[in-house]
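So the structure is just underneath, and the comments pick up after that.
The values are calculated or read from the model by the stated rules, or taken from the named source; none is laboratory data. The shown structure was predicted, so the numbers you read here are calculated from the model rather than taken from an experiment. Cβ placement follows ideal geometry from the backbone for every residue including glycine, while neighbour counts extend to all protein chains displayed. Note: areas computed on protein heavy atoms with side chains; ligands, DNA, RNA excluded. Shrake-Rupley method; radii C 1.70, N 1.55, O 1.52, S 1.80 Å.
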Amino acid sequence: MAETIEALERRIDELRVAVREAVLAGDPGLASARRAELKRAEQAWEDALAEAGPQAPASPAQPAQPAEPAGSLLPLREQVYEALSLLQVPAAPKLIATVHEAFFGSTFPTTKVTSLKRDEERSFRTSPFARPYYICAALSVDYLSPSRGLLAVSTWPMERRVIGSLSPRVDFLTAAIRVADAIERIPTPPLTARRLLQRFAASIPGASGEVRDQVNPGVVRMAADAELSVHADADSRMRRQAADRARGQLPDAEQLFGARLQPVTDETGADAE
């Protein structure tokens, strides 16, 4: 029975990857089929686990619970990972949830993301590099401390995970390009995805086009690229310098989750007011 459960767990992991790849490839039919297979595999895992465990005494019948939406099958960390993998830049929980809803069909309470990052850090410090990736913090270029409210993926290069003065705008433009690219890969983009692109376009000069409420992904990409060319070199230099400092000064855990700032003290050792 244990081998059956382990085989199902491997199958579930494979199907989660398959769902993500199908969605990012713009194949909604394949993504739907893979989600159905994933749901069946997860139910088989639950059944196998129930058979393997001790049998509980019969209990009074409980009222049936409403079924969860299909999009909630993935753990929160994988939903965050899917959205960040599409954006390819550090992002705030609200944008991450919006992107996941637009392209993957489900969202999640952003309040849960704070505890997710704490859980990821605790997991890494307990068993470093045991997972293929971690949801980690973006780091500020000055103190290499966690950049408030921004999440990244541990497998990204350090240069992408540090945030300088120009980085928020550069990352916004990069995210707009990624969203435009993702929409073009989908034969019939969902309304939520088109609305998300409209929100990006509204903050990029020349991206909105001539027709109200109709945004062309190609136009958005060109407008974002044009502005990006103005800021990209300076931002890259700043990020490279900060990344070199981080790799040279910080241990592995702090490279992912940020340096801890020390409180300022006076000469007596008491905390300064």
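Which one of Ala152, Ala138, Ala67, Ala91 is of a type in the set (Gly, Ala, Ser) and modelled with pLDDT under 95?
Matching residue, one of Ala152, Ala138, Ala67, Ala91: Ala67.
A quick yes/no check of all residues on (1) open to solvent by less than 20 Å² (accessible area, probe 1.4 Å); (2) at positive phi; (3) of a type in the set (Phe, Trp, Tyr):
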| residue | (1), (2), (3) |
| --- | --- |
| Ser123 | no, no, no |
| Glu159 | no, no, no |
| Gly164 | yes, no, no |
| Asp181 | no, no, no |
| Arg185 | no, no, no |
| Arg199 | no, no, no |
| Gly206 | no, yes, no |
| Gln214 | no, no, no |
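Restricting to segment 131-140, name every residue that is surrounded by fewer than 19 Cβ atoms within 10 Å (Cβ to Cβ) and touching a strand residue (DSSP E or B) at 6+ places or on another chain (Cβ under 9 Å).
Tyr133
Hey, any hits in segment 109-117 for a residue that's more than 21 Å from Arg20 (Cβ to Cβ), at pLDDT below 85 and either hydroxyl-bearing (Ser, Thr, Tyr) or surrounded by fewer than 20 Cβ atoms within 10 Å (Cβ to Cβ) (or both)?
Within segment 109-117, one or more residues are more than 21 Å from Arg20 (Cβ to Cβ), at pLDDT below 85 and either hydroxyl-bearing (Ser, Thr, Tyr) or surrounded by fewer than 20 Cβ atoms within 10 Å (Cβ to Cβ) (or both).
Working only within segment 107-142, note down all residues that are touching an Asp or Glu at 6+ places or on another chain (Cβ under 9 Å) and assigned to a helix (DSSP H, G or I).
Phe124
I'd like the residue in segment 249-270 that is open to solvent by 80 Å² or more (accessible area, probe 1.4 Å) and of a type in the set (S, T, N, Q) and, out of all such residues, is modelled with the highest pLDDT.
By that ranking, first place goes to Gln249.
State which residue pairs qualify: first residue closer than 15 Å to Arg178 by Cβ and inside segment 218-231, second residue open to solvent by 50 Å² or more (accessible area, probe 1.4 Å) and not in a helix (DSSP H, G or I) in any location, beta carbons under 6 Å apart, and separation of 6 or more residues or different chains.
Pairs found: Ala223/Gly206.
Check off (1) in a helix (DSSP H, G or I); (2) free of Cβ contacts under 8 Å to residues at least 40 places away in the same chain for Pro205 and give me the number that stays unchecked.
Result: Pro205 fails condition (1) only.
Considering only segment 143-157, state which residues are part of a loop (DSSP other than H, G, I, E, B), touching a residue at least 60 places away in the same chain (Cβ under 8 Å) and open to solvent by 40 Å² or more (accessible area, probe 1.4 Å).
Tyr143, Pro157
Contact list please: Cβ distance under 8 Å, first residue in segment 70-84 and of a type outside the set (Val, Ile, Thr) and modelled with pLDDT of 90 or more, second residue surrounded by fewer than 18 Cβ atoms within 10 Å (Cβ to Cβ) and not in a helix (DSSP H, G or I), pairs at least six apart or on different chains.
Short answer, once both residue conditions are applied: Gln79/Ser106; Tyr81/Tyr133.
Does segment 190-202 include one or more residues that are at pLDDT below 95 and over 21 Å from Ile96 (Cβ atoms)?
For segment 190-202, residues at pLDDT below 95 and over 21 Å from Ile96 (Cβ atoms): absent.
Can you name the residue in segment 77-107 that is under 16 Å from Leu196 (Cα atoms) and touching a strand residue (DSSP E or B) at 6+ places or on another chain (Cβ under 6 Å) and, of all such residues, is least open to solvent (accessible area, probe 1.4 Å)?
Checked segment 77-107; the qualifying residue least open to solvent (accessible area, probe 1.4 Å) is Leu84.
Give segment 235-248 a look and list any residue that's of a type outside the set (Gly, Ala, Ser) and open to solvent by less than 70 Å² (accessible area, probe 1.4 Å), or say none.
Keep residues of segment 235-248 that are of a type outside the set (Gly, Ala, Ser), which gives 235, 237-241, 244-245, 247.
Selection gives Asp235, Met238, Arg239.
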